[in-house]
Structure formats: C-alpha cells, structure tokens
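Peer 1: Following this message is one structure expressed as structure tokens.
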Amino acid sequence: MTTLEIKSKLPLTDLLESLQQLESDELGEVAATAVRLRANRRANVLPENEAHLLQQINGTLTPSQQERMNLLIEKRQQETLTKPELAELIQLGDLIEEIQVKRLTALIELAAIRNVSLANLKKSLNFPTA
C-alpha cells in the first residue's frame, strides 16, 4: 500500500498532485470510493428511490476486477491469453454488460421520475455521452 505524504488543509490541486503518486489499482480504488461518496452525499438529499437509481447509474467493476480485466486484455493483445483466461475475460465482459444494462435501465427510470428526457438527464448528471 502506498503512503501519501499530504499537508493538512490541503488545496484540491495539491490533493490531485498527490494522487499521481498512487499505483493504478490504488488510484482505481480512490476513484471508486469517490464515486460512492458522491452517490451517498446525493442520497442524503434525494428521495430514496432516486438515490438507489443513482447508485445503479454509478455502478462499476471493482478496482480489482478492472485491474484483472486490463491485464487479460493486454494478454489477449499480446496473444498470450490461455483458454481459462479467455473464459474469465468473457465473464468480466458479461459482467460489464450487466452493469451497463442496469445503468441504462436506471437512467430511463430516473428520467421518467424527473419527467425529463434521457438526454437532458444525462446532461444534468454530467454523464459521458460517448
């Protein structure tokens, strides 16, 4: 585990600079935690059903799953992937598809609750369009 040396009352720019010291898996963990914190804060001011939908919208692979997927993709590109690893990569791909289906379903449901178009909802949530 990497230990960061940070000052108290840290400006955001310094915090972001400090994050550059992290390994990719640790940075993924920080990012996933930040997403959960943001969802939880929104959950504190939103109706429960909307908070639940936002958690589904923000769902991702765990940092360890994402790291494993990246490794398997790299091995596939290098043509060194074994049959069991290929099966694992396919399983992770299926999991991503499940997450994306849940995300889209939650987006559509939330748009209906808020009585806005899907495009406007995505824009209001700063949701990536690509």
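Peer 1: Run residue 73 past the list (1) of a type in the set (Val, Ile, Thr); (2) loosely packed, with under 15 Cβ neighbours inside 10 Å; (3) in contact (Cβ under 8 Å) with a residue 12 or more places away in the chain; (4) part of a loop (DSSP other than H, G, I, E, B) and report the number of the one that doesn't hold.
Peer 2: Residue 73 satisfies every listed condition except (4).
Peer 1: I need a count of the residues in segment 102-123 that are over 15 Å from residue 46 (Cα atoms) and either of a type in the set (Lys, Arg) or free of Cβ contacts under 8 Å to residues at least 12 places away in the same chain (or both).
Peer 2: Total satisfying the criteria: 13.
Peer 1: Taking segment 39-57 on its own, how many of its residues are at pLDDT 75 or above, charged (D, E, K, R) and loosely packed, with under 15 Cβ neighbours inside 10 Å?
Peer 2: 1
Peer 1: Right, here's the next one. Across segment 108-130, which residue is farthest from residue 49 (Cα to Cα) among those that are surrounded by 14 or more Cβ atoms within 10 Å (Cβ to Cβ) and under 15 Å from the mean Cα position of the chain (by Cα)?
Peer 2: 127
Peer 1: Here is a check on your reading of the model: is residue 80 in a loop (DSSP other than H, G, I, E, B) and either surrounded by fewer than 15 Cβ atoms within 10 Å (Cβ to Cβ) or basic (Lys, Arg) (or both)?
Peer 2: Answer is yes for this residue.
Peer 1: Just name the residue that is modelled with the highest pLDDT out of those in segment 1-20 that are surrounded by 10 or more Cβ atoms within 10 Å (Cβ to Cβ) and over 17 Å from residue 33 (Cα atoms).
Peer 2: Across segment 1-20, the extreme among qualifying residues is 17.
Peer 1: Hey, can you tell me all the residues within segment 96-130 that are outside any helix (DSSP H, G or I) and either touching a strand residue (DSSP E or B) at 6+ places or on another chain (Cβ under 6 Å) or within 30 Å of residue 71 (Cα to Cα) (or both)?
Peer 2: Once the filter is applied, which keeps residues that are outside any helix (DSSP H, G or I) and either touching a strand residue (DSSP E or B) at 6+ places or on another chain (Cβ under 6 Å) or within 30 Å of residue 71 (Cα to Cα) (or both), segment 96-130 yields 126, 127, 128, 129, 130.
Peer 1: While we're looking at this one, here's another question. Being assigned to a loop (DSSP other than H, G, I, E, B) and without any contact (Cβ under 8 Å) to a residue 60 or more places away in the chain narrows it down to one of 59, 93, 28, so name that one.
Peer 2: 59
Peer 1: In this structure, does residue 62 turn out to be surrounded by fewer than 16 Cβ atoms within 10 Å (Cβ to Cβ) and more than 15 Å from the chain's Cα centre (by Cα)?
Peer 2: Considered against the rule, which asks whether it is surrounded by fewer than 16 Cβ atoms within 10 Å (Cβ to Cβ) and more than 15 Å from the chain's Cα centre (by Cα), residue 62 comes out as no.
The values are calculated or read from the model by the stated rules, or taken from the named source; none is laboratory data. Owing to the predicted nature of the structure, the values given are computational and were not obtained by experimental measurement. Because the Cβ atoms are built from the backbone with ideal geometry, glycine has one as well, and the counts that use them run over all protein chains shown.
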